[in-house]
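In what follows, a single structure is set out as structure tokens and then discussed.
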Amino acid sequence: MLHPRNTEVFFTLNNGVRMPALGLGTAAEPPKTLPPTKQAVKAAVKAGYRLIDTAWAYGTEPYIGEALKELFEEGVVKREDLFITTKVWPTHWDLVEKSLEESLKSLGVEYVDLLLQHWPVCFERVSDPNGVNGIARNPTSSDGKPLLNKKGDHKETWRQIESLYLKKDPRIRAVGVSNFPSEYLDDLLKTAKVVPAVNQVELHPQFSQLKLRETCKNHHIILESYSPMGANGAALTELSIVQELVKKYDASPGAVLISYHVRQGVVTVPLSQNPKNIAANVELVPLTQQDIDALNKNGEEHIVRYRDEQFAYPVPGFREGHERA
Ligand SMILES: NC(=O)C1=CN([C@@H]2O[C@H](COP(=O)(O)OP(=O)(O)OC[C@H]3O[C@@H](n4cnc5c(N)ncnc54)[C@H](O)[C@@H]3O)[C@@H](O)[C@H]2O)C=CC1
Ligand SMILES: O=C1O[C@H](CO)[C@@H](O)[C@@H]1O
């Protein structure tokens, strides 16, 4: 039986915008900016990817901008065929429009398809010549602890995002959040005028987040998985339950891990700069409901969060499993 490729699957957001199921992740931590990002974006688009996931905080937007310029000039793809996501970092919790303007300028495009609130957290803004556009990405106090803005209100970020959206600002087609647990979504929705279209969170067979899946389903919020390989080191590709499916379907582990999401209506954005892996992640493996249930069960019984952000510890669920601080 023939199956579509993961790059050929699209989901419809709660405002009617179509979002590709598979995208390319481009996270980096400045000042380790990543020129290879440019080549990765070009390889991914040539392999059929239409979604690029980035963020103001990654520092990779200028490299993505260079790749897009060349892809447009070479006639490989048109802007309207792509779906570009960027995000507002907690340093800009009350400066959403400025963040959007800086991202658009770096990307060299007139609009993004999806603007996300990166975290339900507020930081102090501290000057740093090595930061992103002169601002420290992860400001810390003298004791090394995250410099949270105690008077900040993370719901202000959503108010600013939804206000741009409600004004029909042509620079954004859809809006959403990231790293919102169920409790924060429920709270946001008490006052929100716009229901987020997407919630991008860590999600994979070692962290299946069944409660959050239910909350998002009830509100027609599409879930988007980050760290689908288990972040740097791609530990999930070695997981025995994944390896069993690799054998069962004669597939690559990357394809199994991506198909696990796509078959559940979840968008995912693996990071890779390796053309072989970029191509491998495209193959849709016809996992059965039984396979998916087993993977989800594993992710409830043996939870591992691969991303550990100390600044997020005040957010419910982000401290569990992490011993420091
Ligand atoms: N909203 C948020 O707070 C976050 C968003 N993200 C987004 O999600 C993206 C992906 O998440 P990451 O944490 O970067 O990790 P990931 O789980 O995508 O893993 C990346 C690692 O997997 C490897 N890899 C990729 N495909 C592979 C394959 N087929 N076989 C073997 N290894 C493979 C890569 O070489 C890299 O070392 C980020 O680049 C970013 O765009 C990531 C973290 C947090
Ligand atoms: O999106 C993100 O990626 C980084 C890792 O580079 C993480 O801090 C952030 O939430």
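The values are calculated or read from the model by the stated rules, or taken from the named source; none is laboratory data. Keep in mind the model is a prediction, meaning the values are calculated, not measured. Note that each Cβ is placed from the backbone with ideal geometry, even for glycine, and that neighbours are counted across all protein chains shown. Heads up: the accessible areas ignore ligands, DNA and RNA and are worked out on the full protein's heavy atoms, side chains in. Shrake-Rupley method; radii C 1.70, N 1.55, O 1.52, S 1.80 Å.
For region 204-218, the candidate set comprises residues that are touching a residue at least 60 places away in the same chain (Cβ under 8 Å) and in contact with a helix residue (DSSP H, G or I) (Cβ under 7 Å, 6 or more places away or on another chain); within that set, the residue that is farthest from ligand 2 (Cβ to nearest atom) is 210.
Flag: residue 86 matches the condition of being within 16 Å of ligand 2 (Cβ to nearest atom), polar (S, T, N, Q) and either in contact with a Leu (Cβ under 8 Å, 6 or more places away or on another chain) or assigned to a loop (DSSP other than H, G, I, E, B) (or both). A single member of 151, 145, 98, 168 is more than 15 Å from ligand 2 (Cβ to nearest atom) and under 22 Å from the mean Cα position of the chain (by Cα), and it is 98. Scanning region 206-227 finds no residues that are more than 24 Å from residue 174 (Cα to Cα), in contact with a Ser or Thr (Cβ under 8 Å, 6 or more places away or on another chain) and within 15 Å of ligand 1 (Cβ to nearest atom). Can you work out which of the residues in region 140-167 that are assigned to a helix (DSSP H, G or I) and in contact (Cβ under 8 Å) with a residue 60 or more places away in the chain is farthest from residue 184 (Cα to Cα)? The residue in question is 164. Beta carbons closer than 6 Å, at least 6 apart along the sequence or on distinct chains, pair a first residue in region 231-256 that is over 18 Å from residue 24 (Cα atoms) with a second that is outside any helix (DSSP H, G or I) and open to solvent by less than 40 Å² (accessible area, probe 1.4 Å) for 249/285; 251/285.
When the residues of region 232-278 are filtered to those that are at pLDDT below 95 and under 17 Å from residue 207 (Cα atoms), the one that is nearest to the chain's Cα centre (by Cα) is 232. One residue stands out among those in region 266-325 that are polar (S, T, N, Q) and in a loop (DSSP other than H, G, I, E, B): the one that is most open to solvent (accessible area, probe 1.4 Å), which is 273.
Conditions tested, residue by residue: (1) of a type in the set (Val, Ile, Thr); (2) farther than 27 Å from residue 52 by Cα; (3) within 15 Å of ligand 1 (Cβ to nearest atom).
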position	(1), (2), (3)
101	no, no, no
114	no, no, yes
120	no, no, yes
127	no, yes, no
131	no, no, no
140	yes, yes, no
154	no, no, yes
164	no, no, no
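Taking each residue of region 35-56 that is under 16 Å from residue 79 (Cα atoms) and looking for partners that are of a type in the set (Lys, Arg) and open to solvent by 30 Å² or more (accessible area, probe 1.4 Å) with beta-carbon atoms closer than 7 Å, six or more apart or interchain, yields 48/5. Candidates in region 266-282 are the residues that are β-branched (Val, Ile, Thr) and closer than 17 Å to residue 37 by Cβ; of these, the one that is nearest to ligand 1 (Cβ to nearest atom) is 269.
If we scan region 57-80, do we find a residue that is among the basic types (Lys, Arg) and within 16 Å of ligand 1 (Cβ to nearest atom)? Among the residues of region 57-80, not one is among the basic types (Lys, Arg) and within 16 Å of ligand 1 (Cβ to nearest atom), which makes the answer no.
So for region 60-71 (the condition being more than 15 Å from ligand 2 (Cβ to nearest atom), open to solvent by less than 40 Å² (accessible area, probe 1.4 Å) and in contact with a Ser or Thr (Cβ under 9 Å, 6 or more places away or on another chain)), does at least one residue qualify? Yes: one or more hits.
For region 110-121, the count of residues that are away from ligand 2 (no atom under 16 Å from the Cβ), open to solvent by 10 Å² or more (accessible area, probe 1.4 Å) and either on the phi < 0 side of the Ramachandran plot or more than 22 Å from the chain's Cα centre (by Cα) (or both) is nonzero. Within region 232-248, identify whether any single residue is within 16 Å of ligand 2 (Cβ to nearest atom), open to solvent by less than 40 Å² (accessible area, probe 1.4 Å), touching a strand residue (DSSP E or B) at 6+ places or on another chain (Cβ under 7 Å) and more than 28 Å from residue 167 (Cβ to Cβ), and answer yes or no. Taking every residue of region 232-248 in turn, none turns out to be within 16 Å of ligand 2 (Cβ to nearest atom), open to solvent by less than 40 Å² (accessible area, probe 1.4 Å), touching a strand residue (DSSP E or B) at 6+ places or on another chain (Cβ under 7 Å) and more than 28 Å from residue 167 (Cβ to Cβ). When the residues of region 130-139 are filtered to those that are open to solvent by less than 30 Å² (accessible area, probe 1.4 Å) and assigned to a strand (DSSP E or B), the one that is nearest to ligand 2 (Cβ to nearest atom) is 132.
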